[in-house]
1. Taking segment 29-65 on its own, how many of its residues are surrounded by fewer than 23 Cβ atoms within 10 Å (Cβ to Cβ) and among the β-branched types (Val, Ile, Thr)?
2. Within segment 111-125, count every residue that is more than 14 Å from the chain's Cα centre (by Cα) and of a type in the set (Phe, Trp, Tyr).
3. What number of residues within segment 75-92 satisfy the criterion of being more than 25 Å from residue 167 (Cβ to Cβ) and at pLDDT below 80?
4. Is it the case that some residue within segment 136-153 is touching a helix residue (DSSP H, G or I) at 6+ places or on another chain (Cβ under 9 Å) and not in a helix (DSSP H, G or I)?
5. Restricting attention to segment 163-182, report how many residues are buried (at least 22 other Cβ atoms within 10 Å of the Cβ) and either among the acidic types (Asp, Glu) or part of a strand (DSSP E or B) (or both).
6. Considering only segment 46-80, how many residues are among the β-branched types (Val, Ile, Thr), closer than 23 Å to residue 92 by Cβ and touching a helix residue (DSSP H, G or I) at 6+ places or on another chain (Cβ under 9 Å)?
7. Can you tell me which residue is surrounded by the fewest Cβ atoms within 10 Å (Cβ to Cβ) among those in segment 140-162 that are touching a residue at least 12 places away in the same chain (Cβ under 8 Å) and of a type in the set (S, T, N, Q)?
8. Looking at 151, 156, can you tell me which residue is closer than 19 Å to residue 182 by Cα, modelled with pLDDT of 80 or more, under 16 Å from the mean Cα position of the chain (by Cα) and of a type in the set (D, E, K, R)?
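The values are calculated or read from the model by the stated rules, or taken from the named source; none is laboratory data. In this text the structure is predicted, and so the values were computed from the model without any measurement. Counting neighbours? That spans all protein chains shown, and the Cβs are built from the backbone with ideal geometry, glycine included.
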Amino acid sequence: MSDSQKGTVPDRFCIECYTYGAMTSGVLLVQGPPRSGKTSLAKSLMKIALQKDQPLLVLSTQPSVTELRSAVDRWSAKLGGQTSIVDCFQASLADEETGFALIDLRKLGGLIDRELAKFSQPYIIFDSIDALAISGGESLALQFILSCLRRIEASRSTGVATVTSGSHDPRFENMLRTYFRGVIELKLEEANGQLQRSLRIFSLRDQPFN
């Protein structure tokens, strides 16, 4: 879908239809503000991958990675399928000045390569890119993401990555959008005193929009 064709559709229709599109359209970027449903959408995609008996590789930088692993293990036991969940902070080092754990991008790259080699065309969830930009700086994070996308495409895998909009330099966000096969933007808006979530497709390269 081109930028001139972009439109907003309700959550129920999105989850029902566009998640299948995401499963067949290469690596997509899911972008939205905090609490807009990025991780919830990622979880829906994980479940669909398992339902389709597709190997699942989850790269997580979320504090709730233990909870996520529990959910995927539960689905996997019920639905079957191969799964692997990588806590990206396994590839971390402590910043000497702040003491915070930062992700070592080179080490993480090796970790991703090893996991990709275990599966045949896995569906990949990367939730989220935010920690990469914080750990390595936005310029290095862009280089790392582009390198990862090339490796993922070479393995003929598909998937989605999430990023929080408005949390980074606009130039970083704009450049990031050009790297992916398509962009799905989640919105969180107030209408009639209630918060409503919606999803907007900005582009799906080489993919017809019906």
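1. Adding up the residues that qualify gives 4.
2. Residues meeting the conditions: 1.
3. Taking segment 75-92 first, the residues more than 25 Å from residue 167 (Cβ to Cβ) are 75-84.
Those still in the list that are at pLDDT below 80 too: 75-81.
Number of matching residues: 7.
4. Step one: of segment 136-153, the residues touching a helix residue (DSSP H, G or I) at 6+ places or on another chain (Cβ under 9 Å) are 136, 138-149, 151-152.
When the remaining residues are screened for being not in a helix (DSSP H, G or I), the result is none.
So far as segment 136-153 goes, no, none of its residues is touching a helix residue (DSSP H, G or I) at 6+ places or on another chain (Cβ under 9 Å) and not in a helix (DSSP H, G or I).
5. 2
6. Just the residues of segment 46-80 that are among the β-branched types (Val, Ile, Thr), to begin with: 48, 58, 61, 65-66, 72.
Applying the additional criterion that residues be closer than 23 Å to residue 92 by Cβ yields 58, 61, 65-66, 72.
With touching a helix residue (DSSP H, G or I) at 6+ places or on another chain (Cβ under 9 Å) added as a condition, the list becomes 58, 61, 65, 72.
Count: 4.
7. Of the residues in segment 140-162, the ones touching a residue at least 12 places away in the same chain (Cβ under 8 Å) are 140-142, 144-149, 151-153, 155-162.
Next cut, of a type in the set (S, T, N, Q) only: 147, 155, 157-158, 162.
On the way: 147: 13, 155: 16, 157: 20, 158: 22, 162: 25.
Once the filter is applied, the top-ranked residue is 147.
8. Values: 156 fails: under 16 Å from the mean Cα position of the chain (by Cα).
Answer to the selection: 151.
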